[in-house]
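The values are calculated or read from the model by the stated rules, or taken from the named source; none is laboratory data. All of these numbers come straight from a predicted model, not from anything done at the bench. Note: ideal-geometry Cβ built from the backbone for every residue, glycine included; neighbour counts use all protein chains shown.
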Amino acid sequence: MKVGSALIAPGGKGCSAQYLLAIAGFITRCRERGIDVVLVSSGSVAAGRSHFDFSQEALPVPLKKAMAAVGQNEMMSNWSRFFDFPCAQVLLTHGDLGDRERYVSIKNTLDALLENQILPIVNENDTVATDALRVGDNDNLAALVATVVDADTLLICSDVDGLYDKDPTLFDNARRIPLVEEIDESIFALAGPARNAIATGGMRTKVEAAEKATSHGIDTYIVNGRDSDSFEQLLRGDNPGTLFLRHPKPLPNRQHWLRHTLRVQGELEVDAGAAKALLEGRSSLLSGAVKAVEGDFERGDAVIIREGGQALAKGICQYSAWELNYLKGRQAQDVQDLVGDYLPDEVIHRDNLMLLEENH
């Protein structure tokens, strides 16, 4: 369950109970029904902003981090006062989720908290995250956390009623779309930029989050968290917002992690023969098939494989960009003669590669 800054700190004036009382009541009633809840909560920067004498809307990065450091404590205290059960703070960066070992560690921690009836409250670790390590918005963070814990449902609480067929702030005849069976470019076209000054995401980030979650077999709702009746409807099994249906053939955990969590750091152009072997034979990628290397990536980074400009697959490269620029086009035996046997035979092993057309 993701709750945004506009609900936690309306107007950016510090934490408020205005909307959270109904949300907390919903969480409590879910737990009473035996439903585990993981809460992804925005609001640390908005909660901490009132402690700093800075009136401009655009925040310098160091000041924003300082606000988050103060506000995170206030945000946790604000949530805790609504519950008579313990809460746990979990702060993450994209770097944590992008590293497979840390990803599994996060899963184990969250599972242990849930098994012991403790409510995990997750947020991005804004005080330390750099641009390279940031998820950037809590909609997508919530989707990634939902996949970590193998959730059944992702609930995104917003300040709007759901996805509309046109911008409801501009058109009186805009209609809410109650059900989305497949997320394609036409759905993304309906999502506009953020309109709330204190939020980091808009409808587009919510649709992105829904795409990540539904491809893992997770139903995703966007609902209006300002309307307490939204939660009564959900408890009755009704749909108060927009429901994005889970994909009927969800991606396995590792493939989902490869596709949706790992960020692409470079690209490899391959020949037609290698493209056919990848698509039809599910083979590994060898250095002899690599024609060109783009980007500055290290061993273990994710890259896109292209042929004739078309993206075919995504995988974890076992060579750095500078190594591959030296070895591209060379056959396996030549590589062994040049660098010895301490480097792997495969540029990308088939176990660390997924075809982009397989699922979304």
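Taking helices (runs of 4 or more DSSP H) as the structural unit, those lying wholly within the range 118-216 and holding at least 2 residues that are of a type outside the set (Phe, Trp, Tyr), modelled with pLDDT of 85 or more and surrounded by fewer than 18 Cβ atoms within 10 Å (Cβ to Cβ) correspond to 185-189.
Filtered by the rule that a residue be outside any helix (DSSP H, G or I), crowded, with 21+ Cβ neighbours inside 10 Å and among the aliphatic types (A, V, I, L, M), the range 13-38 gives a lone residue, VAL38. Each residue in the range 261-298 was checked for being in contact (Cβ under 8 Å) with a residue 40 or more places away in the chain and touching a Ser or Thr at 6+ places or on another chain (Cβ under 7 Å), and 0 pass.
Take LEU7 and decide whether it is in the same structural domain as LEU113 (by TED's automatic domain parsing), surrounded by fewer than 17 Cβ atoms within 10 Å (Cβ to Cβ) and not polar (S, T, N, Q). When the stated conditions are applied, LEU7 does not pass them. Looking at GLY315, is it at pLDDT 90 or above and either hydroxyl-bearing (Ser, Thr, Tyr) or over 30 Å from ASP227 (Cα atoms) (or both)? So GLY315 passes the test. Remark: ALA112 falls outside the filter, which requires a residue to be modelled with pLDDT under 95, out of contact with any strand residue (DSSP E or B) (no Cβ under 9 Å at 6 or more places or on another chain), over 27 Å from PHE231 (Cβ atoms) and small (Gly, Ala, Ser).
Checked against the criteria, GLN56 does not count as modelled with pLDDT of 95 or more and either more than 24 Å from ALA143 (Cα to Cα) or surrounded by fewer than 16 Cβ atoms within 10 Å (Cβ to Cβ) (or both). For the range 62-83, the criterion of being surrounded by fewer than 20 Cβ atoms within 10 Å (Cβ to Cβ), assigned by TED's automatic domain parsing to the domain that holds ARG204, modelled with pLDDT of 95 or more and of a type in the set (S, T, N, Q) is met by no residue.
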